[in-house]
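The values are calculated or read from the model by the stated rules, or taken from the named source; none is laboratory data. The structure presented is a predicted model; accordingly, all values stated were derived computationally and were not measured. Cβ sites come from the backbone with ideal geometry, for glycine too, and all protein chains shown count toward neighbours. The accessibility values were calculated without ligands, DNA or RNA, using every heavy atom of the protein model including side chains. Shrake-Rupley method; radii C 1.70, N 1.55, O 1.52, S 1.80 Å.
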Amino acid sequence: MNKIRILIVEDDEDFVFLIRCTLEKNQDMEVCAACLEGREAVDEALRLRPDIVLMDLNLSGSLDGIETARKIRLETDAKVIILTSLDDPDTITKAAARSFASGYVLKSQFNLLSETIRATSGGFTPQEYFIQSLILSALSPAERTVFEMMLGKKIELQSSPKTLANQKGSILHKLGLRSQQELEHIFHRER
């Protein structure tokens, strides 16, 4: 059986110990590393290629949890699950959208962690669809059509090449991405 490889990014060492002990009770999970700050987490994610990264939003250091998660999502195939003590739904969902996270778990709902990791690792979850719909809500209906086209959907458009190029640029700008390759990487869905 292939184990789900997990990278923990959390600056509270006692909480890291609790997470590690909890996850290692699961025969299908392996904690491959734990990092206390963002830059180290990005380096470790690139080196270890985990399946899941558990990300604390409130990291100390030069990279916060949102930026760290975003870099990891853009540079690896790991899915990110935000682990937070914040309990404001608006703040959490905005952070999940800005970081391209695949899900989130409140620290007060720690008992859901293993189940959330399994579901997220196993495919596209309802939570992931919800987060992606929040991200894409910034796009106009026309941009959504072009977005689908950028992901490879066969769509016949009556737009000029210049209009299409402008819409593609606008989509990338609104989503905070630099290229169509980054867009495809973040929004690729296993079907």
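Determine whether region 104-117 contains at least one residue that is of a type in the set (K, R) and modelled with pLDDT of 90 or more.
There is no residue in region 104-117 that is of a type in the set (K, R) and modelled with pLDDT of 90 or more.
So, of the residues in region 119-128 that are assigned to a loop (DSSP other than H, G, I, E, B) and either more than 22 Å from Q181 (Cα to Cα) or aromatic (F, W, Y) (or both), which turns out to be most open to solvent (accessible area, probe 1.4 Å)?
Here the residue is F124.
Would you mind listing the helices (runs of 4 or more DSSP H) fully within region 1-118 where at least 1 residues are of a type in the set (G, A, S) and open to solvent by less than 60 Å² (accessible area, probe 1.4 Å)?
38-48, 65-75, 89-99
Kindly indicate whether any position in region 140-147 is assigned to a helix (DSSP H, G or I), in contact (Cβ under 8 Å) with a residue 40 or more places away in the chain and surrounded by fewer than 19 Cβ atoms within 10 Å (Cβ to Cβ).
The answer is no, given that none of the residues of region 140-147 is assigned to a helix (DSSP H, G or I), in contact (Cβ under 8 Å) with a residue 40 or more places away in the chain and surrounded by fewer than 19 Cβ atoms within 10 Å (Cβ to Cβ).
Under 6 Å between Cβ atoms, which residue pairs at least 6 apart in sequence (or on different chains) link something in region 23-41 that is under 15 Å from I72 (Cα atoms) with a partner that is part of a helix (DSSP H, G or I) and open to solvent by less than 10 Å² (accessible area, probe 1.4 Å)?
Listed by first residue and then by second, the contacts come to C35/A41; G38/T68; A41/T68.
Yes or no, residue by residue, for (1) out of contact with any Asp or Glu (no Cβ under 7 Å at 6 or more places or on another chain); (2) aliphatic (A, V, I, L, M):
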position: F110; (1), (2): yes, no
position: G123; (1), (2): no, no
position: I131; (1), (2): yes, yes
position: M150; (1), (2): yes, yes
position: N166; (1), (2): yes, no
position: L183; (1), (2): yes, yes
